[in-house]
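The values are calculated or read from the model by the stated rules, or taken from the named source; none is laboratory data. Values in this document were obtained by computation on a predicted structure and should not be read as measured data. Note that we place each Cβ from the backbone using ideal geometry, even for glycine, and neighbour counts take in every protein chain shown. Accessible surface is based on the protein model in full, side chains and every heavy atom, while ligands, DNA and RNA are left aside. Shrake-Rupley method; radii C 1.70, N 1.55, O 1.52, S 1.80 Å.
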Amino acid sequence: MSETISAPQALAPATGPVPQKLKRSIGVVGATLLTLSCVTPASTLFVVVPDLFSSLGTYAALTIAIGSLLCIGVAFCYSELGTLIPSAGGEYAMVSTLAGRLAGWLVFVLSLLVVMIVPPVIAMGTADYLAPIVHIPAPVAGGAVMLLATLAGLLDLRANAWITGIFLVLEVVAAALVAVLGFTHSERGASALIHGSVAGETGASTSTVTAMMVVSGLAIALFITQGFSTAVYLSEELENPRRNVARTVLATLAISTAVILVPVVAITVGAPDLAALTSGDIGAMVTAWSNSAIGTFVSLCVALAIVNAGIVMVIQNSRVLFASARDKAWPEPVNNALSRLGRSGSPWVATLLVGVPGAGLCFVNLDTLYGVTGVSVTGMYLLVAVAALFSRRGAHGAATAWRMPLWPAVPVALILVLAYILTQQETEYLLWTGGITGVATLYWALYLRPRRDSRWLVTIPETEDVTAS
């Protein structure tokens, strides 16, 4: 069995040289704005949701709703573990401390896979929404967005909270406009949401969506709302984390679900026909419902939303790399570089290492990566739920933290459901993800485990507050 981090080690500051820690500089409002921006409701709506429309037709809204309900249980786990272990390492710090270092390492690899792939994939969508003004090749637009996000990520976190907050308002306005237009041009009743039809090959016929298709689509549905987990990455920079981590996680999930799900329902009932719905061209539907000026406005808001998402994802990803270096996951020269902080308090080397390669990934064929990301998110949530089963043993049970209701039923149910969802994913995506985690396990066995006294030593920064609400 893999070693766990002992309760005293996890709950008290480490002896010896004091590890670098990030500055607590944001409150729950700033953290919520940053976390919502990572969910990036508008870019998710316009870039990711069309894939669900293509495969699930009118059942897309129901699939997202089911995924959001599952995310409530996941959010409970994140809230409890995030207040118990407030670290920039996020999932891997929580899982390493409670379920063992190997489990934490695998969670780190899965989270790194998600956060490295998703930003360039979404960034490339910028080109489609800048088309009403200027035509730019998708890789070029995506690379430019990633570089811009990297520069913003080097700023102070408080400044980024304001930048992303302004962009977030614009994307919420765009999503609200889509919802209003869809509902006011309704072509079918609410019953269509549970009939599960998609357009046939010719667009004239329909076919029925099966329950297994919905289960398979849940991995993508979980990915659509997964950004709420960013709150635990920010917990080390969040004032009063024992209280504010849970508030940020739960508030973000509620707001992002509404901002995404309401327009999805509106698009479903307002699409002219099933062929238009499954084509996924939401911009064209908006123009048809209104005029080209409004269509252009919505497109520009989406483009800004994608830039916003890029900024927050670069911030999040750099914190993960910073924490992994501080916790000695790599050879010493790499650890020293990744743990350096700039004048603004941001981990500048880690930020560059996330953003610049991300710009390069925009020029790589990423067709299968949505599926790989969905599998990775599901596997990561499953391991977090396993860790939640151990959150109340020993000193962890006595520690002051937000506690989820219905424990341990919530994590047990999540483990069963998420494991089943994994079994319904396409073999190709499972093999890709399994191969990557296999290589990561070899690295653990050959490098980290033999050096367990000096490598992968998960640091839990001391918090000044001990009061939970």
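Give me the distance in nm between label points sitting 7 Å out from Cα along the Cα-to-Cβ direction at residue 406 and residue 133, one decimal.
Here the modelled spin labels are 4.6 nm apart.
Mind ordering 411-421, 59-69, 165-175 by average Cβ neighbours within 10 Å, highest first?
59-69, 165-175, 411-421
What order do 135, 396 take when sorted by accessible area (1.4 Å probe), most exposed first?
135, 396
log10 I(q)/I(0), Debye, Cα-only the range 394-454, no solvent, q = 0.24, 0.29 Å⁻¹?
Computed log10 I(q)/I(0) values: -0.90, -1.09.
On alpha carbon coordinates alone, what is the Rg over Rh value for the range 36-85, Rh being the Kirkwood radius?
Radius of gyration over Kirkwood radius for the range 36-85 works out to 1.10.
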